[in-house]
Amino acid sequence: MRSALVVVCLLLPSLRALADDVRPPAISEVSASRKGRKVEVRALITDETGVLSATCHHRERGGAWEGASMRKGSLDDVFRASFNGTPDTEYWIEAIDLLGNGPATYGTVSKPMAVGGGPKAEVGGDGSPAQSAARKNGRPPAPVVQHRKPPGDALAGQEFAVRARIRGDSPIATAGLHVRDPGQQRDATLPMRRVEGDTYEGKIPADRAHGTVEYRIAARDKRGAQTVQGEARDKWFSVTFRPAGPVEPPFSFVLNPPARVLPGAPISVRSQITGPASTDDVVVPDRARILYRGPDGRDQAVDMKPDPTGGLGGFKIDLPGQAAGPVYFQVLACDALESKCALDTGDKRKWHAVSIAKAPGPSPAALDAVSSKLPSTLP
């Protein structure tokens, strides 16, 4: 107890510092260098509690903004981002700390910096510095889209949410997801809706969540300026949907089927049926049934009766005697509405085989067929 109090006392100053930190990161010592088509932007970014993310937004003159993540050096607080560009490339930086303070900015959407050095030259209608390069070309500044693709693969058959921060000099009028199969033309535009602040969300529907899907984010402000944001210039984000693992059946079975029965003798089948193997919940099916096919090849179904001697979930049945030949059967368990069902063999086309014979012999050939007595709700 005493050592725990000592630890708490030692941590109190740092916890108080975290609570008192309401300042955004500090951005300084920014520089941009170019070698051929490759541009590298460097900035010293510091914060009391640590920097969560730093992004360098860049574009060619009058083009759409693209975001490049800035990576921190291992030995210092210098963040770097690299991308293709020219001396006319514009850029600005924003950073957020671990507590969400910020963003701190170096440059802005309307007053970006130039890779060639200093603020981007602006020319107004009277010849004085007043308008950005976009305005000089008669174009208002386009909205800025920030999106980081979620890591890893998504689950197939499940709705996939895409979130992005979208803002600009003018209010955002519309935002949407362009969606396509890899390398194909855009085949759908899905709406993105504002969920809070400048955060927007669009959803790739479950019926589209298979294989690999490519997407990009489009935003238009009320003045008509538009940005289409992909992973890089003329590229799309991509997400791969991995197939879901096998679905655990709602019931598990313990069964020891007979291997051989004399002709005309009843075929006794006993089984213990409880809930899924992965749960400790006490669950038993509302009904159990034997599906079987005798030597005559006809599909038949008979309800099993509860078996008090078989423990929790015990069921039994004595099938009528059969002539010599193979008899195939499956045990089916369902809830009262047959909304949840399972087969003890785990496969519609897999059966237990019983040899109806007077003497031991070879096992019957496997039956590869689906019973016509199966409920339609069985997956």
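Is it true that G325 is crowded, with 17+ Cβ neighbours inside 10 Å and either small (G, A, S) or on the phi > 0 side of the Ramachandran plot (or both)?
Criteria not met by G325.
Taking first residues from segment 319-346 that are over 20 Å from K305 (Cα atoms) and partners that are open to solvent by less than 30 Å² (accessible area, probe 1.4 Å) and among the polar types (S, T, N, Q), the Cβ contacts under 7 Å between residues at least 6 apart in sequence or on separate chains come to P326/S355. When we screen A333, A359, A366 for residues that are assigned to a strand (DSSP E or B) and either of a type in the set (A, V, I, L, M) or surrounded by 12 or more Cβ atoms within 10 Å (Cβ to Cβ) (or both), the only hit is A333. On the given criteria, is T309 outside any strand (DSSP E or B), out of contact with any Lys or Arg (no Cβ under 8 Å at 6 or more places or on another chain) and open to solvent by less than 60 Å² (accessible area, probe 1.4 Å)? Against the criterion (outside any strand (DSSP E or B), out of contact with any Lys or Arg (no Cβ under 8 Å at 6 or more places or on another chain) and open to solvent by less than 60 Å² (accessible area, probe 1.4 Å)), T309 does not qualify.
Go through A164, A142 for me and flag whichever is in contact with a helix residue (DSSP H, G or I) (Cβ under 8 Å, 6 or more places away or on another chain), surrounded by 12 or more Cβ atoms within 10 Å (Cβ to Cβ), of a type outside the set (S, T, Y) and farther than 15 Å from S238 by Cβ. After applying the criteria, what remains is A142.
Table: residues versus (1) open to solvent by 50 Å² or more (accessible area, probe 1.4 Å); (2) touching a residue at least 60 places away in the same chain (Cβ under 8 Å); (3) more than 23 Å from A365 (Cβ to Cβ).
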{"residue": "T240", "(1), (2), (3)": "yes, yes, yes"}
{"residue": "V247", "(1), (2), (3)": "yes, yes, yes"}
{"residue": "F251", "(1), (2), (3)": "no, yes, yes"}
{"residue": "A259", "(1), (2), (3)": "yes, yes, no"}
{"residue": "G264", "(1), (2), (3)": "yes, no, no"}
{"residue": "S278", "(1), (2), (3)": "yes, no, yes"}
{"residue": "V283", "(1), (2), (3)": "yes, no, yes"}
{"residue": "D286", "(1), (2), (3)": "yes, no, yes"}
{"residue": "G294", "(1), (2), (3)": "no, no, no"}
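If you filter segment 170-190 down to residues that are open to solvent by 70 Å² or more (accessible area, probe 1.4 Å) and assigned to a strand (DSSP E or B), you find that the one that is modelled with the lowest pLDDT is T189.
The values are calculated or read from the model by the stated rules, or taken from the named source; none is laboratory data. Here the structure is a predicted model, which means the values were calculated and not measured. FYI the Cβ positions are ideal-geometry reconstructions off the backbone, even for glycines, and counts take in every protein chain you see. Calculation scope for accessible area: heavy atoms of the full protein, side chains included, ligands and nucleic acids excluded. Shrake-Rupley method; radii C 1.70, N 1.55, O 1.52, S 1.80 Å.
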